[in-house]
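Here's the structure, in structure tokens; my notes come after.
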Amino acid sequence: MEIKKNLTPAPKAKPADESKLGFGHVFTDHMLIMPYDTGKGWHDPEIVPYGNISISPAAMCLHYGQTVFEGMKAYRTADNKIQLFRPEENFKRLNKSNERLVIPELPVDLAMQCLRELLEVDKDWVPTLDGTSLYIRPFIVAVDPFLGVRPGDQYLFMIVLSPSGAYYASGLNPVSIYVEDKYVRAVRGGMGFAKTGGNYAASLHSQDDAHKLNYSQVLWLDGVEQKYIEEVGAMNIFFVIDGEVVTPSLDAGSILGGITRKSTVELCKSWGMKVSERRISIQEVADAYDAGKLQEVFGTGTAAVISPVGHLKWGDKVMEINNNEIGPISQKIYDTLTGIQWGKVEDTFGWTVEL
Ligand SMILES: *Cc1c(COP(=O)(O)O)cnc(C)c1O
């Protein structure tokens, strides 16, 4: 499909200090927008200057949450190439989310073409400072001006780009996590596996409660018995117990299948480690801790890649893991994944894609 380009006559100044980028505040000069209409399919993709869009106040996404999104990054390598990490996995996952929310399929090839052409236009926005990247946010929303509840007939697919700072400015600092035993994020048969706005709306109250107790994120338990571990806010979770790397299995459909999670599992297996995707209860973790067998806990996600957990609070019990320091397995996974992403470590898996 041909992508029309309506480029801005007035490019913005790039951020002067890449050490102060933070996350999600700064946007590039352009964005991609492509409508879908029932009967016509996806049509007329266009790259336009970044700016506000106009939709009806009755647009269905604003009322009933028929939205899906993705999150990925473009990395600048030392020899000044720009590369992506398993981007097709993101668009395959977008289609899983689409299917759950009755949003029409977006062919992966078309999505990749949109992304590549947008990145080509705004590639100078991929920052250069160590650890920085260009965050990529593709999303789809239903925009029919209609107040009835039904799947939409009109959608917008968009991609916006945001240069973002190094997640860890000073080494990998462990995070403190609070086990949520009141609210749940997702249930069996629900939308937990989909990257859709409603899941994040459901998480805000707990996140707010956790912050008030000085914990940075929430660990979710299953929505039925509140016994089994699911995941953290926007990260999957791993435990190293007596040499076994354990992460909750995705079978129940209530956990978001992270690409960093998948890569971590594949990496650990390639190193000959014992890796299990299985049910794991919070009680098992507490018992392992008491027995001195809980060696490491870490989250995985595109933003931080690996986020070591230093404290885990479950009710009155506060577990301090590995003396609140990053463990050797977490460090090795972090070094390897980030090494591959920024082109410092040879990619023997074929995960990176050059722009
Ligand atoms: C995006 C996300 C993750 C991590 O997925 P990655 O593909 O590794 O970035 C984990 N959990 C939730 C709820 C998420 O939204």
Subset of the range 54-104 that is farther than 25 Å from Trp351 by Cα and β-branched (Val, Ile, Thr) - its residue that is farthest from the ligand (Cβ to nearest atom) | Ile55
Provide a single number: the residues in the range 276-292 that are surrounded by 15 or more Cβ atoms within 10 Å (Cβ to Cβ) and either part of a loop (DSSP other than H, G, I, E, B) or within 10 Å of the ligand (Cβ to nearest atom) (or both).
-> 2
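Take Asn236 and decide whether it is surrounded by 19 or more Cβ atoms within 10 Å (Cβ to Cβ), under 28 Å from Pro127 (Cα atoms) and either free of Cβ contacts under 8 Å to residues at least 60 places away in the same chain or outside the structural domain of Phe23 (by TED's automatic domain parsing) (or both). Lay out the reasoning, then the answer.
Numbers: surrounded by 19 or more Cβ atoms within 10 Å (Cβ to Cβ): yes; under 28 Å from Pro127 (Cα atoms): yes; either free of Cβ contacts under 8 Å to residues at least 60 places away in the same chain or outside the structural domain of Phe23 (by TED's automatic domain parsing) (or both): yes.
When the stated conditions are applied, Asn236 passes them.
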Name the residues in the range 35-85 that are more than 25 Å from Thr302 (Cβ to Cβ), among the basic types (Lys, Arg) and crowded, with 16+ Cβ neighbours inside 10 Å, would you?
-> none
Ser307 passes all but one of the listed conditions (1) closer than 21 Å to Asp222 by Cβ; (2) within 16 Å of the ligand (Cβ to nearest atom); (3) touching a strand residue (DSSP E or B) at 6+ places or on another chain (Cβ under 8 Å); (4) not aliphatic (A, V, I, L, M); the exception is number (1)
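Report, by residue number, each residue of the range 201-233 that is exposed (fewer than 15 other Cβ atoms within 10 Å of the Cβ) and within 30 Å of Phe157 (Cα to Cα). First the steps, then the outcome.
Filtering the range 201-233 for residues exposed (fewer than 15 other Cβ atoms within 10 Å of the Cβ) gives 201, 204-205, 208, 211-214, 224-225, 227.
Ala201, Leu204, His205, listed by residue number.
Evaluate the following for Gln295: is it more than 30 Å from Phe91 (Cβ to Cβ), polar (S, T, N, Q) and surrounded by 16 or more Cβ atoms within 10 Å (Cβ to Cβ)? Lay out the reasoning, then the answer.
On the way: more than 30 Å from Phe91 (Cβ to Cβ): yes; polar (S, T, N, Q): yes; surrounded by 16 or more Cβ atoms within 10 Å (Cβ to Cβ): yes.
Here the answer is yes, as Gln295 does meet what is asked.
Hey, could you check the range 195-245 for residues that are over 24 Å from Asn322 (Cα atoms) and among the β-branched types (Val, Ile, Thr) and say which is farthest from the ligand (Cβ to nearest atom)?
Pass one, the range 195-245, residues over 24 Å from Asn322 (Cα atoms): 195-209, 212, 222-226.
Imposing the further condition that a residue be among the β-branched types (Val, Ile, Thr) reduces the set to 196, 224.
Details: Thr196: 9, Val224: 18 Å.
Here the residue is Val224.
Tell me which residues, restricted to the range 246-264, are surrounded by 15 or more Cβ atoms within 10 Å (Cβ to Cβ) and either over 20 Å from Gly350 (Cβ atoms) or away from the ligand (no atom under 13 Å from the Cβ) (or both). Reasoning before the result, please.
Going through the range 246-264, the residues surrounded by 15 or more Cβ atoms within 10 Å (Cβ to Cβ) turn out to be 246-248, 250, 252-264.
Those that are surrounded by 15 or more Cβ atoms within 10 Å (Cβ to Cβ) and either over 20 Å from Gly350 (Cβ atoms) or away from the ligand (no atom under 13 Å from the Cβ) (or both): Val246, Thr247, Pro248, Leu250, Ala252, Gly253, Ser254, Ile255, Leu256.
Can you say whether Leu267 is surrounded by 15 or more Cβ atoms within 10 Å (Cβ to Cβ), within 16 Å of the ligand (Cβ to nearest atom) and within 20 Å of Val187 (Cα to Cα), as far as the supplied structure shows?
Numbers: surrounded by 15 or more Cβ atoms within 10 Å (Cβ to Cβ): yes; within 16 Å of the ligand (Cβ to nearest atom): yes; within 20 Å of Val187 (Cα to Cα): no.
So Leu267 fails the test.
The values are calculated or read from the model by the stated rules, or taken from the named source; none is laboratory data. Please read these numbers as outputs of a predicted model, since none were measured by experiment. All Cβ positions, glycine included, derive from the backbone under ideal geometry; neighbour counts span all protein chains shown.
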